[in-house]
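Notes for the one structure printed next.
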Amino acid sequence: MSNFPKVAVVILNWNGLKHLEQFLPSILASTYPNLDVIVGDNASTDGSVVFLQARYPSVGIIENKENYGFTGGYNRILTQVEADYYVLLNSDVEVTPGWIEPVIALMESDERIAAAGPKLKSYTQKTHFEYAGAAGGFIDHFGYLFCRGRIFDALEEDLGQYDTQSEVFWVSGAALFIRKKLWDAAGGLDESFFAHMEEIDLCWRLKNMGYKVMYCPQSTVYHVGGATLNAESPFKTYLNFRNNLLMLKNNLTFWRAVWVIGIRFWMDLLALAKFLAEGKTKNAWAISKAHQNFVRRLFWKTKANHLKVKGIAWQHLTGYYARSIVWDFFVGKKRKFSQLIAKAFQ
């Protein structure tokens, strides 16, 4: 057992009793020989902790006094976990046999790999990729995020087209493998995000520090998605728009951030107008509130500022797409990753 690095699978839970009942058995069936399974509870009120204590006494439980969100919750829980590798795993994920071993083997093969993720497929449509991470994440010229296997809401069927290990820009926080020492060095998650895109901000920070983020298709997990906030939630809209701007501010050089964020404000206003045209006034107002909150946070200290790693040109980072994914998708009608302009990728 000593030949295997210590891995801690840490599930952050907030009122996710039904998901723990459904998916914890697959996680506990994992075959990796040097493994701890821990549930970090964000002050649940649905009996999650009592259920775990009665049904699964082998599972470690660490309780937060209140709901600190995804970012604050994990930051507090992981200070109490000792391991060589952390696996941040959503409670609504079903894992497959042998899902840990290939990712750890990949990361052990290269000390410059800071984080990695498995193939993420849909639990409700298991033949297809899942929205949150699919086959690894990328970023376009204006900070819009997409994946191999998922561009905006267009999900591809998994036909083995993305079965090669490769460096990407980001991997999903639904199943994120990260070296413990680099989690510490990077300062964990930026708590100003609360939830959504915080793992992408962390991946970008790690890349700015000179490390790699990898996709490992030899490991597959199935994600339900939307377990905490559904896609139509105005609060989710607020977090997505605000956090994307925070991420750009955190990781871009100053003048690049000024230029990109300026353009994004106008593009976001188009999204706001679209919500209004569809009668979704709460979602439209959420974008306005996101902009207001972002402006108020312009001079806040961030993880990136604190670590002094800001300033690397994103054009030189693997996973950057030097075009507009919005244009290519909506105007160019490119619905699949394979249809994008190959020479535009770094």
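Here, each number is a calculation from the coordinates, and none is a lab measurement. Since this is a predicted model, take the numbers as computed values, not measurements. Every residue, glycine as well, gets a Cβ built from its backbone with ideal geometry; the counts of neighbours run over all protein chains shown.
Any idea what diffusion coefficient the chain gets from Stokes-Einstein, in µm²/s, Kirkwood Rh on alpha carbon pairs, 10 °C, 1.306 mPa s?
On the way: Rh = 20.5 Å.
The diffusion coefficient I find is 78 µm²/s.
Under 8 Å for C-alpha pairs, at least 6 residues apart: give me the relative contact order for the chain, rounded to a whole percent. Spell out each step's value before the answer.
Working: 663 pairs, mean separation 62.2, N = 346.
Result for the chain is 18 percent.
Can you list the lysines whose alpha carbon is less than 16 Å from that of residue 334, not counting same-chain residues fewer than 8 positions off?
343
Which of the listed residues, 80, 142, 197, is farthest toward the dipole's positive end in the chain, when Lys, Arg count +1 and Asp, Glu count -1 at the beta-carbon?
142
With runs of 4+ DSSP H residues as the only contributors, calculate the mean residue ellipticity of the chain at 222 nm using -39,500 (n - 2.57) per run, divided by the residue total and rounded to the nearest 500. Could the numbers behind the result be given before it?
On the way: 10 runs with 119 residues, N = 346.
So the helix-based figure for the chain works out to -10500 deg cm²/dmol.
Within region 116-272, what percent of beta bridges assigned by DSSP are antiparallel, to the nearest 5?
Details: 12 of 19 bridges.
Roughly 65 percent of the DSSP beta bridges within region 116-272 come out antiparallel.
Taking only Cα atoms and a 10 Å spring cutoff, compute GNM fluctuations for the chain and point out the largest among 84, 92, 201.
Comparing 84, 92, 201 in a Gaussian network model of the chain, the most mobile one is 84.
If we count other beta carbons within 10 Å of each Cβ, what is the order of 252, 17, 269, 159, fewest first?
Values: 252 23, 17 18, 269 14, 159 9.
Neighbour counts put them in this order, fewest first: 159, 269, 17, 252.
Evaluate the charge dipole of the chain about its Cα centre and quote only its size in Debye, nearest 20, assuming +1 on the Cβ of each Lys and Arg and -1 on the Cβ of each Asp and Glu.
Numbers: 38 positive and 32 negative charges, 285 e Å.
For the chain, the charge dipole is close to 1360 debye.
Express the Stokes-Einstein translational diffusion coefficient of region 35-162 in µm² s⁻¹, to the nearest whole number, given a Kirkwood radius over alpha-carbon pairs, 10 °C and a viscosity of 1.306 mPa s. Intermediate values should be presented prior to the final figure.
Working: Rh = 17.1 Å.
Rounded, D is 93 µm²/s.
Count charges around residue 332 for me, please; just the other residues with Cβ under 13 Å from its Cβ, Lys/Arg as +1, Asp/Glu as -1. All intermediate terms of the calculation are to be shown ahead of the outcome.
Values: positive: 323, 333, 334, 335, 336; negative: 140, 328.
It works out to a net charge of +3.
Just to confirm the filter: which trypsin sites (Lys or Arg not before Pro) across region 3-71 are DSSP coil and have at most 12 other Cβ within 10 angstrom of their Cβ? Provide the component values of the computation, followed by the final result.
Values: sites: 6, 18, 55, 65; in loops: 6, 65.
Here the sparse-neighbourhood loop sites are 65.
Distance check, please: which entries in 119/212; 6/119; 18/65; 18/236; 65/236 exceed 26 angstrom between their Cα atoms? Kindly include the intermediate steps, with their values, before the conclusion.
Working: 119/212 17 Å; 6/119 22 Å; 18/65 21 Å; 18/236 22 Å; 65/236 24 Å.
Beyond 26 Å between Cα atoms: no listed pair.
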